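The values are calculated or read from the model by the stated rules, or taken from the named source; none is laboratory data. Everything numeric here is computed off the predicted structure, so don't read it as measured data. Neighbour counts run over all protein chains shown; Cβ positions are idealised from the backbone, glycine included. Side chains included, ligands, DNA and RNA excluded: accessible areas come from the protein's heavy atoms. Shrake-Rupley method; radii C 1.70, N 1.55, O 1.52, S 1.80 Å.
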Amino acid sequence: MMRKAELTRNTNETKIAVSFALDGEGKADIATGVPFMDHMLDLFIKHGMFDGDIKADGDTHIDDHHTTEDIGIVLGQAVKEALGDKKGIRRYGNAFVPMDDALAQVVIDCSNRPHLEFHGDIPNAKVGTFDTELVYEFLWKFALESRMNVHVIIHYGKNTHHIIEAVFKALARALDEATIIDPRVKGVPSTKGLLT
């Protein structure tokens, strides 16, 4: 059974289309109109061994906020839908990823209790034309809509691009670990008997 989802979201500000598969080969087709997010989403798909087709058309003539935020919303919803009843998953994922001078860690619980903790500094307000405060906005909306606990820890780093790249790679690796099917898990990994 393929764990995948296809979703769209159309507002006055953005049009987002996401096709996402948890059990993929790292195939990415990304075109969001936000070049830095294209780069981050491409490596997220590839390092998580997902498959993803993410297209966005937003009001980037104003700024990148609405597009980045809405991608987080739709991608989170797609992950939630692809997970289905969550039977057999490991539930928890933890990944440390170095990127030259930077080290980031992401810890995930597919708990149906959405929460984001973000600890650490992003030293510069921009990478190219991209406002780095939007990293938090993306992650918060992703955690909310996927209904996951997502804890992000930036241990250290000097280069802003490297720090953010390490975060997205760690998010990918942690999500892959948390959502992988473990044959030892019978049913849902919860004493409550459900994760939905």
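What to note about this one:
- Filtered residues of region 8-27 (kept if outside any loop (DSSP other than H, G, I, E, B) and surrounded by fewer than 19 Cβ atoms within 10 Å (Cβ to Cβ)): 8, 9, 10, 15, 17, 19
- Residue among 16, 45 that alone is under 16 Å from the mean Cα position of the chain (by Cα), at pLDDT 95 or above, under 16 Å from residue 137 (Cβ atoms) and not hydroxyl-bearing (Ser, Thr, Tyr): 16
- Contact map, region 1-21: first residue more than 16 Å from residue 72 (Cβ to Cβ) and touching a residue at least 24 places away in the same chain (Cβ under 8 Å), second residue open to solvent by less than 40 Å² (accessible area, probe 1.4 Å) and among the aromatic types (Phe, Trp, Tyr), Cβ cut-off under 8 Å, separation 6 or more or different chains; pairs are 4/20; 6/20; 21/50.
- Test for residue 192: is it open to solvent by less than 30 Å² (accessible area, probe 1.4 Å), among the basic types (Lys, Arg) and at pLDDT below 95: no
- Considering residues of region 125-148 that are buried (at least 19 other Cβ atoms within 10 Å of the Cβ) and either touching a Cys at 6+ places or on another chain (Cβ under 9 Å) or at pLDDT below 95 (or both) only, the residue nearest to residue 108 (Cα to Cα): 148
- Of the residues examined, residue 62 is one that is modelled with pLDDT under 95, aliphatic (A, V, I, L, M) and over 22 Å from residue 173 (Cβ atoms).
- Taken over region 43-58, the criterion of being part of a helix (DSSP H, G or I), touching an Asp or Glu at 6+ places or on another chain (Cβ under 9 Å) and either open to solvent by less than 10 Å² (accessible area, probe 1.4 Å) or under 15 Å from residue 71 (Cβ atoms) (or both) is satisfied by 43, 45, 48.
- Any chance residue 107 is modelled with pLDDT of 95 or more, assigned to a helix (DSSP H, G or I) and of a type outside the set (D, E, K, R): no
- Residues of region 106-135 that turn out to be among the hydroxyl-bearing types (Ser, Thr, Tyr) and closer than 18 Å to residue 60 by Cα, as a count: 2
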